[in-house]
1. Using a cut-off of 11 Å between beta-carbons, work out the net charge of the residues near Thr121 (Lys and Arg +1, Asp and Glu -1, Thr121 not included).
2. Using amide H atoms built 1.01 Å from N in the peptide plane, name the residues 5+ places from Ser136, or on other chains, whose amide H lies under 5 Å from its own.
3. How much net charge surrounds Leu171 when only other residues with a Cβ under 11 Å from its Cβ are counted (Lys, Arg +1; Asp, Glu -1)?
4. I want the local charge near Tyr150. Using Cβ-Cβ distances under 9 Å, sum +1 for each Lys or Arg and -1 for each Asp or Glu among the other residues.
5. Restricting to Cα pairs below 8 Å that are 6+ residues apart, what does the relative contact order work out to for the chain? Please round to a whole percent.
6. Just to confirm the number: angle between the C-alpha axis of helix 4-22 and the first principal axis of the chain, 0 to 90 degrees, nearest 10?
7. Computed on alpha carbon atoms, what radius of gyration and Dmax characterise the chain, expressed in Å?
8. Between Ala140 and Lys79, take the C-beta separation as r, use R0 = 41 Å, and let me know the FRET efficiency to the nearest 0.05.
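Where a number appears in this text, it was derived from the coordinates with a stated rule and is not lab data. None of the values given here were measured: they were computed from a predicted structure. Cβ placement follows ideal geometry from the backbone for every residue including glycine, while neighbour counts extend to all protein chains displayed.
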Amino acid sequence: MMRPIFVAILSCTLTVLASSLFAATYDHEVTANKVTFSWKLDGDVMHAKMSAKTKGWVAVGFNPIEKMKGANFILGFVKNGKAEITDHYGKSAVAHAADTKNDGSEDVTLVGGSEEKGITTIEFTLPINSSDANDSVLTADGDTVVLLAYAMRDSFKARHKGDPGMVTVNLATGAVK
Ligand code: HEM
């Protein structure tokens, strides 16, 4: 029979091992409008995570021209334990639609999602340059405008709560302007 002290040490070791194995590794993080966006560039791909205190969707948008217009949006939510994600573009200052509705493609890959203690977290990967005309090319160096928004419902038609946050970052270094 295993001694309690040995069991305790073993269980602590396994917990530490598990958390280091499963902890996502992102290099940079910004928070605006109560949404936290973490990311890491890996060659042609961005690994990203967005999270906010909501049971509805969380979203990030890149490089708008005016308000929502021209931005490349990724929205995700978790409903009944199942994560959903979608790739949209800003078709006007006040409207967006799926890239697939504009001769484009769904270029985001869902990695996982959770809704725990009222916090929705979505992880995904995105190509730096998807070749879809609806998606702005993400430049590693230089300025990237990042929009951060969340809504209170699990519907990609639900509008965001309040005005989204906007930050200008350097994706390679994580520097915030
Ligand atoms: C179904 C989803 C969405 C709906 C219905 C929606 C609707 C709108 C509307 C009607 C406005 C105009 C508000 C005004 O000018 O007073 C607006 C503004 C805006 N939206 Fe959205 N939006 C959605 C998703 C998003 C997402 C996902 C983002 C970013 C991640 C975003 C970013 C913005 C920004 C930056 C503005 C400009 C706010 C300002 O006036 O400064 N929107 N949205």
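1. Residues close to Thr121 contribute a combined charge of 0.
2. The answer is Asn72.
3. -2
4. Residues near Tyr150 contribute +3 overall.
5. About 22 percent, as a whole number.
6. For 4-22 against the chain, the angle is about 20 degrees.
7. When restricted to Cα atoms, the chain yields Rg and Dmax of 18.1, 68 Å.
8. E between Ala140 and Lys79, to the nearest 0.05, is 0.75.
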